[in-house]
Amino acid sequence: MRPLQGMLVVTLEHAIAAPFCTRQLADLGARVIKVERPGEGDFARAYDTRTRGLASHFVWCNRSKESLTLDLKNPAARAVLQKLVERADVLVQNLAPGAAARMGLDHASLEPVNPGIVVCDISGYGEGGPYTEKKAYDLLIQSESGFVSVTGTPKHPSKAGLSIADIAAGMYAYSSVLAALLERGRTGRGRRLEISMLEAMSEWMGYPLFYTLDGQSPPVRAGASHAAIYPYGPFTCGDGKSVVLGVQHDREWTAFCDKVLLQPGLAQAYMGNAQRLAHKDKLRDIIEAVFARLTAAQLIDRLESAQIANAQLNEMADLWRHPQLAARGRWAEIDTPGGPVPALFPPHHVRGAEPPPMDPVPSLGQHTDGILAELGYSDAEIARLRAERAI
C-alpha cells in the first residue's frame, strides 16, 4: 500500500509551487483532483510546447492527477467544489491573495463541516504585512530574497536556471502537509498551513545571511565556482572539456597537490582554505597550467586516484543518458495528451517497494464528468452545468 493511498487532495493551483507540492503527494499515492478554469486551465499549460506539444513545466508537475474544470465565478460550480472539499483530506491553493477565503475555502470556513481537513495556502509573501497583496512570481522572489545578488559573475547577477523559489515553497508545502497529516492521526483534527515563497527562499539563504551578519560584506559572485572555498569549481582541460572539482579541507588539498598537480611541495605553502582563497588567482594559474596538458578523462583519472570529488559539467543531453540513472533503473514512461514521454521516478522511490503511480498527465477537464458522477450528479445535471458553462 502506498503511504497516502486513500487520501483525497483537492488543489486550486497554477504555475509551479502548488503543482510541485501536489505532484509529490500524488507520487505517494494520494488521489489529487486539480481544479482548473474551463477552456484555459492552469496557465502553465501554455508556457511552451516543447514536450510532445505540451508545456514542459506542466508535464513535470502534473502527472498522476485528475483534471476537473469549474468556473468558480459560477454559483453552481462553487457548489460542486464545496461538495468535493467537504470530503477532502487536504486542500492546497495558490490563488491570488484572499481569493480562496472570499469563496469560503479558508480553513476557518471549512473546519466546521470537515474538521479533519488540512488547508495549505501558498502565497508570495504571506498574510499580514505591507507585501500581503503584492503579486509574486519565481524570478521576483529570487530577486526579493537576495538570491540573485549572490548568484552569477562579479559583473552580472543572475537568476537560477530553474524555478528555485517555486520549488522551495512547494517542498515546504509538501513536507508541512505530511506533518499535518501525521498530527491529524493523533488528534483527529486538521489545521491551516501557510507557506510564503519569500520565507521559503529566505530560509535557503541562511548561509549568505549569516555570512553578512553585523553588516559584513556579502559573498562574491563567483560564477560556477564556490565563493568561499578554493579550489572548488570548473576548470578547462587541454581538450577543451570542463571538469568540476572540489577540495574541501587540508587533507584533500595535500592529496590534490601530490597526486593531481604532481607538486607535493605546493601544499604547505597554501595550507588552510583562507590562505588558498586569498591567493586563488596565483593558484588558478598553477592549476590551469597543469590541466592544460591533460584531457578531461586523464584529469578525472588523477582526481579519482587522489579521492578528490569531481564531476563533469553536463548539459541536458548528458543528463538524459546519464549512466548512473540508467544503471539504477530511474526511468519510467508516462502518458500525456501528446503521447508517451520518459519520466524519472521520484527520489523517494526504492526499487522493490510499491512503485509510485506514474499515471498520465491529464488533458484539461478530462475527469470532470466522472468526478461529478461520483458526487451524485446525473447525466442531465452534468449536461446543464456544461450548458451554463459552469464546467
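Here, each number is a calculation from the coordinates, and none is a lab measurement. As the structure is a computational prediction, the values presented were derived from the model and not from experiment. Cβ atoms come from the backbone with ideal geometry, glycine included; neighbour counts cover every protein chain shown.
Of note:
- Only lysines eight or more places from Lys83 in sequence, or on another chain, were considered; those with a Cα closer than 26 Å are Lys34, Lys65, Lys73.
- Helix-only CD estimate at 222 nm, as mean residue ellipticity for the chain, using -39500 (n - 2.57) per DSSP H run (n ≥ 4): -10000 deg cm²/dmol
- Relative counts (whole %) of C-alpha pair distances in region 215-349, using bins that are 5 Å wide: 2, 9, 16, 19, 15, 11, 9, 8, 6, 3, 2, 1, 0
- From the C-alpha gyration tensor of region 256-297, square roots of 5λ in Å: 19, 12, 8
- Rounded to the nearest 20, the Cβ-based charge dipole of region 232-312 about its Cα centre (Lys and Arg +1, Asp and Glu -1) stands at 100 debye.
- A DSSP coil position with no more than 15 other Cβ atoms inside 10 Å describes the following trypsin sites (Lys or Arg not before Pro) in region 307-391: Arg321, Arg328, Arg351, Arg389.
- For the chain, relative contact order (Cα pairs under 8 Å, six or more residues apart, normalised by length) works out to 19 percent.
- Between Ala101 and His322, the contour length at 0.36 nm per residue exceeds the Cα-Cα span by 75.0 nm.
- Taking 4 °C and 1.567 mPa s as conditions, the chain diffuses translationally at an estimated 54 µm²/s according to Stokes-Einstein applied to its Kirkwood radius (Cα pairs).
- Charge context of Ile16, other residues only, Cβ under 13 angstrom, K/R +1, D/E -1: -2
- On the basis of the beta-carbon distance and an R0 of 35 Å, Asp301 and Trp331 show a calculated FRET efficiency of 0.75.
- Cβ-defined net charge surrounding Gln312, 11 Å radius [Lys, Arg +1; Asp, Glu -1]: -1
- Cα-derived Rg over Rh, computed across region 184-232 with Rh taken as Kirkwood radius: 1.28
- Region 91-175 - convex hull of alpha carbons, volume per residue in Å³: 100
- With each label modelled as a point 7 angstrom along the Cα→C-beta vector, the Glu111-His279 pair spans 6.3 nm.
- Where only alpha carbons of region 301-391 are counted, the Rg and the Dmax (Å): 22.5, 74
- Extension gain, Glu127-Arg351: 0.36 nm per intervening residue step, less the Cα-Cα distance, totals 76.5 nm.
- Counting Lys and Arg as +1 and Asp and Glu as -1 over every other residue whose Cβ lies under 15 Å from the Cβ of Ala380, the net charge comes to -2.
- Over region 232-312, all Cα pairs binned in 5 Å intervals from 0 give whole-percent P(r) values of 3, 17, 29, 30, 16, 5, 0, listed from short to long.
- Segment Arg389-Lys159, extension gain: residue separation times 0.36 nm, minus the distance between their alpha carbons: 78.7 nm
- Per-residue Cβ neighbour counts within 10 Å put His107, His367 in the sequence His367, His107, beginning with the fewest.
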